There are 4 protein chains.
Amino acid sequence: MKSKLILSIALLLASLSSFSPANPIKIVFFGDSITQAGVSKTGYITQMQGMLAAQGIGDKYELIGAGIGGNKIYDLYLRHEDDLLAKKPNITVIYIGINDVWHKTSSRTGTDADKFERFYNALIKKIQSAGSQVVICTPTLIGERFDSTNENDGDLNRYSEIIRRIAKNNNCALIDLRKAFLSFEQNNNPENKESGILTSDRVHLNEAGNKFLAETMWSVLKDIK
Amino acid sequence: MKSKLILSIALLLASLSSFSPANPIKIVFFGDSITQAGVSKTGYITQMQGMLAAQGIGDKYELIGAGIGGNKIYDLYLRHEDDLLAKKPNITVIYIGINDVWHKTSSRTGTDADKFERFYNALIKKIQSAGSQVVICTPTLIGERFDSTNENDGDLNRYSEIIRRIAKNNNCALIDLRKAFLSFEQNNNPENKESGILTSDRVHLNEAGNKFLAETMWSVLKDIK
Amino acid sequence: MKSKLILSIALLLASLSSFSPANPIKIVFFGDSITQAGVSKTGYITQMQGMLAAQGIGDKYELIGAGIGGNKIYDLYLRHEDDLLAKKPNITVIYIGINDVWHKTSSRTGTDADKFERFYNALIKKIQSAGSQVVICTPTLIGERFDSTNENDGDLNRYSEIIRRIAKNNNCALIDLRKAFLSFEQNNNPENKESGILTSDRVHLNEAGNKFLAETMWSVLKDIK
Amino acid sequence: MKSKLILSIALLLASLSSFSPANPIKIVFFGDSITQAGVSKTGYITQMQGMLAAQGIGDKYELIGAGIGGNKIYDLYLRHEDDLLAKKPNITVIYIGINDVWHKTSSRTGTDADKFERFYNALIKKIQSAGSQVVICTPTLIGERFDSTNENDGDLNRYSEIIRRIAKNNNCALIDLRKAFLSFEQNNNPENKESGILTSDRVHLNEAGNKFLAETMWSVLKDIK
């Protein structure tokens with residue numbers, strides 16, 4: 001009798017952990033076109049799922065993409081209730097800022113630095129109030145040249161500084177993508193090319209870029225409780 | 001006895017209409033620097049109050065300014081709860097759009113036309129849901145030349161078209177400031193000057209501009225029930 | 001004897017005027033991508049040649065294109081010796097200005113109004129000193145909407161005013177393309193479309209646009225002595 | 001008698017070289033507002049003259065400023081005959097490029113990189129053909145933050161790369177001001193301030209900036225034969 005009970009409990013536990021975890025940790029990635037593409041076959045969210053599965057922890061997490069092309073910080077603010085909070089995330093990863101800088105030069109509709117920070121703070125407060133952890137990211141690349149000769153580098157570096165300060169002020173974990181990607185370029189872009197290493201077009205990530213993004217993000221996310 | 005009663009009633013009515021209206025109609029003007037300056041001594045809100053007082057209806061309305069310099073449509077969206085709805089307006093007058101166009105050329109941080117419309121619609125819905133009438137305005141001027149040679153004229157005309165459509169789609173009354181101001185310039189700016197007629201600096205209104213704005217707005221507002 | 005001589009002279013003159021004009025009037029069109037495409041099968045220079053041939057005056061004129069895509073006024077100045085004066089034109093038609101305005105919004109590399117005028121004046125002086133007549137044109141379109149809602153309309157109208165003044169100051173004949181094209185749009189673009197009437201892409205002319213351009217230019221050029 | 005003659009000649013030569021040099025080396029500085037201000041009391045040209053005088057070689061050089069505020073590379077091309085070649089320089093120092101980058105963001109009238117190089121090459125050829133040595137400079141600063149967070153840093157670095165290539169291609173001596181100024185900021189701007197170290201307003205040089213510029217330029221110019 002006793003051994004039967006023990007066996008039953010063991011089976012129950014096994015089923016809980018391996019097969020049907022009652023409550024996987026739900027991580028929603030909230031961002032722009034890179035996150036929209038993140039759920040495609042080679043996208044970073046799909047690749048991250050593959051990584052977790054390979055480590056045998058695929059069932060512990062539910063990864064959800066919530067990216068829309070062209071989004072800036074204020075677009076996230078506008079749609080955070082419908083597209084983020086409605087999904088009841090345990091962890092929200094905000095990965096935004098490229099368009100806030102890039103649209104300055106592409107369409108004269110970028111975001112002023114002070115308003116970027118104001119909307120970012122307001123967004124974090126709303127998400128934290130709804131009970132989700134918030135993890136934020138510095139922007140990656142607009143141009144892959146590693147020697148600070150890409151036109152938007154000045155602003156990308158500056159908005160990254162702002163995001164680092166926002167993380168500190170709001171007690172958010174930070175994924176410093178900008179730093180990681182610049183370091184990758186310095187080590188792996190010997191010809192100082194504008195694109196083709198991690199991006200297909202200076203901004204949007206190719207398969208290698210999505211892989212590096214998945215790894216860089218996970219190196220921080222794995223330790224979030 | 002009877003005459004005493006009649007007198008009492010007369011006094012009561014008088015007090016209601018002339019001295020202490022129980023519920024004046026509260027109009028909040030929600031906008032940018034022009035509205036921020038609207039409550040100054042020669043500002044349009046102050047001048048409108050003077051106009052109403054001269055007509056003996058000063059007590060029927062409470063006029064409140066809620067303008068902040070540099071605001072664009074999405075800034076209004078961000079602060080509409082704290083700065084507008086908290087004031088419990090009966091009528092909200094939204095007068096925004098100049099910076100959405102102007103910042104394209106002044107700081108490369110204007111607002112894309114599609115997002116301008118999206119935020120405007122979302123803002124109107126929030127205000128209408130809170131029980132306030134919404135009246136919206138086309139933008140005035142960036143440069144006073146009347147012959148379509150001001151750099152931002154193309155976009156000002158286009159965003160005015162968008163606002164006219166928004167008014168129709170949301171059943172909002174429209175104050176077509178752009179049309180009124182252009183007409184004024186055609187009739188009163190014989191030298192085709194860039195500034196000095198209704199503005200001090202091509203954008204911000206001088207005393208005459210504030211007066212014309214107050215009159216133009218009131219010509220519509222007086223009929224709002 | 002005498003009549004034979006007279007006949008010979010008559011024949012000689014006839015041959016000179018009808019068959020092999022010793023000195024056709026050489027017109028060089030100096031401009032940007034529209035002029036570069038002007039010598040293609042449906043381009044405005046090719047169509048103008050067809051018009052002249054149909055009128056039996058094809059031999060009286062030699063029409064030469066000297067357009068390079070992306071050119072602004074200062075690019076014409078840089079290459080006027082090699083690409084224009086070396087061709088020894090009798091008449092030079094300068095058709096420039098679209099990129100000076102457009103590049104402000106497309107790549108932030110437009111031309112300031114005061115420098116536009118300075119380079120234009122300097123260019124005209126160089127060409128006139130070399131013995132060529134100079135005929136100048138206002139710019140055509142960046143967007144075909146006829147109601148002044150195209151983003152660059154303000155500047156196009158302003159730079160057109162500047163060109164009209166330059167024509168007057170330098171005693172140049174003026175081809176007011178802007179005026180002609182706007183008038184055409186008002187009469188032939190009932191749906192207020194952005195492109196597809198005279199242009200393929202808001203700027204570059206389709207076959208109808210090239211035809212209208214050829215006709216509009218010729219209506220002035222035919223009277224230049 | 002003979003030795004007296006020799007002595008006389010020796011004295012004559014000495015007087016020529018030390019007191020009234022028949023032919024001082026004429027250096028013309030060709031540039032923008034910084035060079036226009038270079039001849040003011042604390043300007044870099046005035047300070048360089050002071051330096052040379054202190055070294056006892058003030059008479060060996062004639063330093064001439066030819067700067068005009070707002071100039072870009074094509075403005076120098078337009079006025080090189082009247083303002084530069086007419087002065088018959090032995091050495092021409094071209095110090096241009098800040099406005100070519102800055103005007104992109106300040107007024108949308110910067111200079112495309114390819115045209116910047118084309119005009120620069122054309123200008124150098126004209127000056128070299130007129131018999132002057134040409135020395136060229138990379139641009140200094142638009143913002144003094146040393147960590148690549150100034151908005152225009154990307155382009156300033158890129159245009160500096162272009163200028164270094166131009167120097168090589170045209171056998172011109174190079175004064176790498178950008179490199180020198182960035183190095184100065186790294187060592188002397190511990191608070192990473194935007195202005196106030198070498199500039200008064202992020203761009204225009206204060207007295208210390210003019211001094212450092214004079215020294216940096218002279219360190220190269222002293223060896224030009």
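Just so it is clear, none of the values below were taken in a lab; they were calculated from the coordinates. The structure presented is a predicted model; accordingly, all values stated were derived computationally and were not measured. With ideal geometry, Cβ positions are generated from the backbone for all residues, glycine too; neighbour counts draw on all protein chains shown.
List of remarks:
- Distances between equivalent label points of B:ASP82 across the copies, with each point positioned 7 Å along Cα→Cβ, amount to 2.5, 5.6, 6.0 nm, shortest listed first.
- Residues whose placed amide H lies under 5 Å from that of B:TYR61, excluding near-sequence neighbours: B:ILE25
- Backbone phi angles across segment A:80-93, fed through the Karplus curve with coefficients 6.51, -1.76 and 1.60 (θ = phi - 60°), yield HN-Hα couplings of 5, 6, 5, 9, 10, 4, 4, 8, 6, x, 7, 10, 10, 9 Hz in residue order; Gly and Pro are listed as x.
- In terms of packing, defined here as the mean over residues of other Cβ atoms within 10 angstrom, the peptides D:138-147, A:47-56, C:201-210 line up highest first as D:138-147, C:201-210, A:47-56.
- Here the dipole of segment C:21-221 is about 580 debye; that uses its Cα centre as origin and unit charges on the Cβ of Lys and Arg (positive) and Asp and Glu (negative).
- Couplings for segment A:103-119, taken from phi via the Karplus curve 6.51 cos²θ - 1.76 cosθ + 1.60 with θ = phi - 60°, read 5, 4, 8, 7, 9, 6, 10, x, 10, 4, 4, 5, 6, 4, 5, 5, 5 Hz in order; Gly and Pro are left as x.
- Under 15 Å from C:LYS179, Cα to Cα: aspartates and glutamates that are on another chain or at least 8 residues apart: B:ASP147, C:GLU144, C:ASP147, C:ASP153, C:ASP155, C:GLU161, C:GLU215
- Note on chain C: GNM, Cα springs under 10 Å; of C:LEU213, C:LEU78, C:LEU174, the largest mean-square fluctuation is that of C:LEU78.
- Chain D: most fluctuating residue of D:SER160, D:SER200, D:SER33 per GNM, C-alpha cutoff 10 Å: D:SER200
- For the peptides D:126-132, A:185-191, the ranking by packing is D:126-132, A:185-191, with the highest mean count of neighbouring Cβ atoms within 10 Å listed first.
- The simple Förster model, with R0 at 41 Å and r as the Cβ-Cβ distance, assigns A:LYS225 and A:ASN188 a FRET efficiency of 0.80.
- Residue among A:ILE136, A:SER148, A:SER40 farthest towards the positive dipole end of segment A:21-221, charges placed on Cβ: A:ILE136
- The mean number of Cβ atoms from other chains found within 10 Å of a Cβ in peptide D:187-197 is 0, as a whole number.
- Each label was represented as a point 7 Å from its Cα along the Cα-to-Cβ direction; for C:SER107 and D:GLU81 these points are 2.8 nm apart.
- Measuring between alpha carbons in the structure, the pairs from A:LYS41/A:LYS193; C:LYS168/D:LYS126; D:LYS104/D:LYS168; C:LYS104/C:LYS222; A:LYS115/B:LYS88 lying more than 29 angstrom apart are C:LYS168/D:LYS126; C:LYS104/C:LYS222.
- For B:ASN187, the distances from its label point to the matching points in the remaining copies are 3.1, 6.9, 7.2 nm, ordered from shortest, with each point set 7 Å beyond Cα toward Cβ.
- Averaged over peptide B:105-115, the number of partner chain Cβ atoms lying within 10 Å of each residue's Cβ comes to 6.
- Antiparallel DSSP beta bridges within segment D:21-221, as percent of all bridges there, nearest 5: 5 percent
- Separation between Cα centres of segment C:83-107 and segment B:62-83, rounded to whole Å: 47 Å
- Percentage relative contact order, chain A, counting C-alpha pairs under 8 Å, at least six apart: 19 percent
- A point 7 Å from Cα along Cα→Cβ stands in for A:GLY50, and the other copies hold the same point at 5.6, 6.6, 7.2 nm, listed in rising order.
- The residue of chain B whose Cβ sits closest to the rotation axis that maps B onto D, together with that distance in whole Å, is B:ARG108, 4.
- Inter-chain Cβ neighbour average for residues A:70-78, partner chain, 10 Å: 4
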